[in-house]
């Protein structure tokens, strides 16, 4: 299992590769938190939040949850984790950029996936 520091280094590398324009108005940056976070709709403790875009009184920022990553990918090696983190960051930055543009396409897609999860776990 990759350590918090190892995933933090990979996350920093991936974040540095993204275009600077992505960071416009992202005043809180990208944060790696040590905890696992369950989705509020999780029925069996099986729906984790890997990352989330936040826009609130604190500003705009992205949280990535180390504990959720290690629960979902306990044996993932650095190269694979790098690819997963890049995919995750692009997803969260898409939320950020859509928020700036007043769009919600990805939010709608995420909601559809959540409905599928809920329908399969009745």
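The values are calculated or read from the model by the stated rules, or taken from the named source; none is laboratory data. Predicted model, so just to flag it, every value in this text is computed and none were measured. All Cβ positions, even for glycine, are placed from backbone atoms using ideal geometry, and neighbour counts span all protein chains on display.
Worth pointing out:
- Any hit, the stretch 27-39, residues being touching a residue at least 40 places away in the same chain (Cβ under 8 Å) and surrounded by 12 or more Cβ atoms within 10 Å (Cβ to Cβ): yes
- Residue match in the stretch 65-88 (condition: more than 27 Å from residue 2 (Cα to Cα) and not in a strand (DSSP E or B)): no
- Only one of 46, 108 that is under 28 Å from residue 4 (Cβ atoms), loosely packed, with under 13 Cβ neighbours inside 10 Å and at pLDDT below 95: 46
- The set of residues in the stretch 1-26 that are touching a residue at least 60 places away in the same chain (Cβ under 8 Å), in a loop (DSSP other than H, G, I, E, B) and over 22 Å from residue 99 (Cα atoms) comprises 1, 2.
- Considered as a group, the residues in the stretch 54-90 that are touching a strand residue (DSSP E or B) at 6+ places or on another chain (Cβ under 7 Å) and under 19 Å from residue 117 (Cβ atoms) include one that is surrounded by the most Cβ atoms within 10 Å (Cβ to Cβ), and that residue is 65.
- Matching residues in the stretch 34-64 - criterion: being over 19 Å from residue 11 (Cβ atoms), more than 13 Å from the chain's Cα centre (by Cα) and not in a loop (DSSP other than H, G, I, E, B): 55, 56, 59
- Residues that are out of contact with any helix residue (DSSP H, G or I) (no Cβ under 7 Å at 6 or more places or on another chain), without any contact (Cβ under 8 Å) to a residue 60 or more places away in the chain and over 17 Å from residue 49 (Cβ atoms), drawn from the stretch 92-111: 99, 101, 102, 103, 108
- For the criterion of being in contact with a helix residue (DSSP H, G or I) (Cβ under 7 Å, 6 or more places away or on another chain), within 22 Å of residue 96 (Cα to Cα) and free of Cβ contacts under 8 Å to residues at least 24 places away in the same chain, residue 49 passes.
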